[in-house]
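The next block holds one structure in the form of C-alpha cells; read it before the comments.
Each reported figure results from applying straightforward, stated rules to the coordinates on display, with no laboratory input. Every value quoted in this text rests on a predicted model; they were computed, and no experiment measured them. Using ideal geometry, Cβ is built from the backbone for each residue, glycine included, and neighbour counts are taken over all protein chains shown.
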Amino acid sequence: MYWSGYKLRRLGFIVLALIFVLIIQACKVGEEPSDDESENVPSKEEAAPKEEDQPDVNQREVEETTLNYDLDLSPFEREPSQWGENVDGVKTRMDTDEQQIALTFDACGGPYGNGYDEELITYLLEAQIPATLFVNQRWIDENEELFLMLADEPLFQIENHGTQHIPLSVNGGTAWGIEATESPKEAQQEVLGNHKRVYELTGKEMSLFRSGTAYYDEVAVSLVEALGYEVVNFDILGDAGATFSKEQVTNALLQAKPGSIALLHMNQPQSGTAGGVKEAVPLLKEKGFEFVQLQDVELK
C-alpha cells in the first residue's frame with residue numbers, strides 16, 4: 001500500500017506541473033512580441049500604404065498640349081493685302097442647313113470692360129441655352145473665380161479672345177482706334193498668352209480664336225491656323241459692342257438664318273444685351289431654331 005500511495009502522489013505532482021506549464025503558455029498568448037521578434041512584424045503604420053505611394057485622386061490629369069508652340073514664323077514675315085473682319089480664312093457661319101444658331105459672347109477685359117452680366121448668364125443657365133464664350137486674359141485676371149465657374153459649366157464652351165484684346169496683324173494697323181500687333185511674334189503671343197493662362201487654370205485646350213475688335217489681316221489668320229486654331233467671327237452683329245438697346249439686340253438676333261453665328265458681349269451689364277437675348281430666345285425657338293455650341297458643328 002505504501003508504494004502504491006507513493007506512486008499516486010508522484011503522479012499527482014507530475015499532473016500539477018503539466019497544468020502549471022500550460023497556464024504559463026496560455027498567459028503568453030496576446031503579449032507583445034519581444035524586441036527581436038518585433039523586427040519582423042510591421043506596425044499598423046508600416047503596414048498601411050504610405051501617403052506618397054497612394055494616388056492623389058484630386059490631382060487633375062491633363063494631356064500634353066497639341067498646340068504648335070515651336071512654329072517657324074518666317075513664312076509669315078510678308079506683306080498682307082487684306083485688313084478687316086472678313087478677310088481670307090475667317091469663319092463667319094456654321095456649315096449647316098438646319099435651323100441652328102450659335103450665341104457667342106465676348107468678355108473683353110482691361111479698358112474694354114471687366115464687368116460681368118449676371119442677368120444674362122443667369123438667364124442662359126435657367127433657360128438651358130448653350131453658348132460659346134470668347135474670353136480675354138485681362139477679363140480672366142480680374143474675374144478668376146467667375147471664370148472658373150463658367151469654365152466648369154457644360155452649357156458654356158470657353159474659347160480664346162486674346163491676351164491684350166487687340167487686333168491681329170503681322171505688320172501693324174488700327175481698328176476702332178486700337179493698335180494691332182506689329183509682327184508675327186506679337187501676333188503669336190496675343191494668341192498663346194491667353195491659351196497658356198486658360199490651360200494652366202483649367203487643363204483645357206481652346207481651338208477657336210477671335211481677336212479684340214475682330215479685325216485681322218489674312219497673313220495673321222494663316223498664322224493662327226498654323227498654331228492649331230480656327231479664327232471665328234460672326235454673321236450677326238448682336239449688340240454692336242454692347243451699345244445696342246434691348247430692342248435693337250432682339251431685332252438683330254431675329255435676323256438669324258440657319259447656321260448663323262451671333263456676336264454679343266457678357267462684360268457690359270449696363271447694356272441692353274441681356275434684355276434683348278431674353279426676348280429673342282423664345283421667339284427664335286418658335287421659329288424652330290436650336291441653340292448650339294461651336295464645338296459641335298463645322299464652320300465655314
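The numbered conditions (1) in a strand (DSSP E or B); (2) over 23 Å from residue 143 (Cβ atoms) are all true for residue 262 except (2). When each of 226, 256 is tested for being part of a loop (DSSP other than H, G, I, E, B) and in contact (Cβ under 8 Å) with a residue 24 or more places away in the chain, the lone residue that passes is 256. All conditions but one from (1) of a type in the set (Val, Ile, Thr); (2) out of contact with any helix residue (DSSP H, G or I) (no Cβ under 8 Å at 6 or more places or on another chain); (3) surrounded by fewer than 21 Cβ atoms within 10 Å (Cβ to Cβ) apply to residue 178; the one that does not is (2).
Applying the condition of being of a type outside the set (D, E, K, R) and under 28 Å from the mean Cα position of the chain (by Cα) to the stretch 281-291 and asking which residue is farthest from residue 265 (Cα to Cα) yields 289. Looking only at residues in the stretch 86-95 that are part of a loop (DSSP other than H, G, I, E, B) and of a type in the set (A, V, I, L, M), the one that is nearest to residue 235 (Cα to Cα) is 90.
Cβ-Cβ distances below 7 Å connect the following pairs, each with a first residue in the stretch 184-196 that is farther than 13 Å from residue 221 by Cα, a second residue that is of a type in the set (S, T, N, Q) and assigned to a helix (DSSP H, G or I), and a separation of six or more residues or different chains: 193/137; 194/137.
Residue count for the stretch 188-215, restricted to those that are of a type outside the set (A, V, I, L, M, F, W, C), under 26 Å from residue 296 (Cβ atoms) and buried (at least 21 other Cβ atoms within 10 Å of the Cβ): 5. Sub-9 Å Cβ pairs linking a first residue in the stretch 115-134 that is without any contact (Cβ under 8 Å) to a residue 12 or more places away in the chain to a second residue that is not in a loop (DSSP other than H, G, I, E, B) and not β-branched (Val, Ile, Thr), at least 6 apart or interchain, are 122/274, ordered by first then second residue.
Which ones in the stretch 242-280 are of a type in the set (Asp, Glu) and either in contact with a Cys (Cβ under 8 Å, 6 or more places away or on another chain) or over 20 Å from residue 125 (Cα atoms) (or both)? It would help to see each step written out before you state the result.
Taking the stretch 242-280 and keeping what is of a type in the set (Asp, Glu), we get 247, 279.
Scanning the stretch 242-280 gives a single hit, 247.
Limited to the stretch 219-243, what total is found for residues that are over 28 Å from the mean Cα position of the chain (by Cα) and either buried (at least 19 other Cβ atoms within 10 Å of the Cβ) or aromatic (Phe, Trp, Tyr) (or both)?
Applying the first criterion (over 28 Å from the mean Cα position of the chain (by Cα)) to the stretch 219-243 yields 219, 243.
Pick out the ones that are also either buried (at least 19 other Cβ atoms within 10 Å of the Cβ) or aromatic (Phe, Trp, Tyr) (or both) and you get 219.
So the count comes out to 1.
Among the criteria (1) in contact with a Phe, Trp or Tyr (Cβ under 6 Å, 6 or more places away or on another chain); (2) closer than 20 Å to residue 67 by Cα; (3) not aliphatic (A, V, I, L, M), the one residue 164 does not fulfil is (1).
Does the stretch 187-195 contain at least one residue that is polar (S, T, N, Q) and closer than 30 Å to residue 285 by Cβ? Checking the stretch 187-195: not a single residue is polar (S, T, N, Q) and closer than 30 Å to residue 285 by Cβ.
Considering only residues that are under 30 Å from residue 285 (Cβ atoms) and either more than 30 Å from the chain's Cα centre (by Cα) or without any contact (Cβ under 8 Å) to a residue 12 or more places away in the chain (or both), which ones fall in the stretch 70-96? Passing the criteria: none in range. The residue list 185, 257, 246 contains one member that is more than 22 Å from residue 151 (Cβ to Cβ), surrounded by fewer than 23 Cβ atoms within 10 Å (Cβ to Cβ) and touching a Leu at 6+ places or on another chain (Cβ under 7 Å), which is 185.
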